[in-house]
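We did not get these values from a lab; they are worked out from the coordinates using the rules stated. What you see is a predicted model; the values in this text were computed from it and never measured. Reconstructed Cβ throughout: ideal geometry from the backbone, glycine too, with neighbour counts over all protein chains shown.
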Amino acid sequence: MTSKEVNALFPEATPIGGGALLLKTTIARLPASVMLGFLDDRFVAVDVSFNGVDDVRERHALLRDLLTRKYGEPVRVRDTAEEALRRAGEYRTVTEVAVTLGQAGISASGWPEASPSKVQVEMRVEGPSEELLGAVRDAQRDFKVWNQWRTVESRVKLLGSKSPVSSSIFIEYESVRYSAEIARARELDRQRMMKDL
């Protein structure tokens, strides 16, 4: 579709720089800003922005459920807070195993020692560092969650972001058909920006 055809569907959209259109609306009962993107006057991308989200995890879960119902299971899932917790949990688990294996009367295989003549090895095992525990605490206040879907026609990304100063959720739809042209346009834009440096 051309920008005129899309503008005819959304007459309340406002033209902004680069030939894009901006639309203020409500999506999934949330106030949203929608940017409709064009490349060589062809409709190629949509960015949906939900700013000032009160509970990023709850709203992200709702949007993820709705997008999963529409597009199936996501092909990529990440949560930086869960990753930090998992790193701390893996550290703790390794620590607990090492302590168990180092206990008197337990062999390296985990079976009780059959012979008292075997040498006992004393191990000193430390728990997670304060730095690691601090990273886990920080991850609860400052995190990103995202999912990605791929369909025949588009790539869909859902990103939730929370920091001490802001919280937002974005949905990006990008045409697969024009992905090479979009990548070239982004590279040209970066080259232009690089000249400013």
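In a shell of Cβ-Cβ distance under 14 Å around Met193, excluding Met193 itself, what net charge do Lys and Arg (+1) and Asp and Glu (-1) give?
Details: positive: Arg186, Arg190, Arg192, Lys195; negative: Glu187, Asp189, Asp196.
Summing Lys and Arg as +1 and Asp and Glu as -1 gives +1.
For every other residue with a beta carbon closer than 15 angstrom to the beta carbon of Pro11, add +1 if it is Lys or Arg and -1 if Asp or Glu, then tell me the sum. Present the calculation step by step, with values, prior to reporting the outcome.
On the way: positive: Lys4, Lys24; negative: Glu5, Glu12.
In short, 0.
Tell me which lysines have Cα within less than 25 Å of Lys157's Cα, excluding those fewer than 8 residues away on the same chain?
Leaving aside lysines fewer than 8 places away in the same chain, those within reach of Lys157 are Lys24, Lys70, Lys144.
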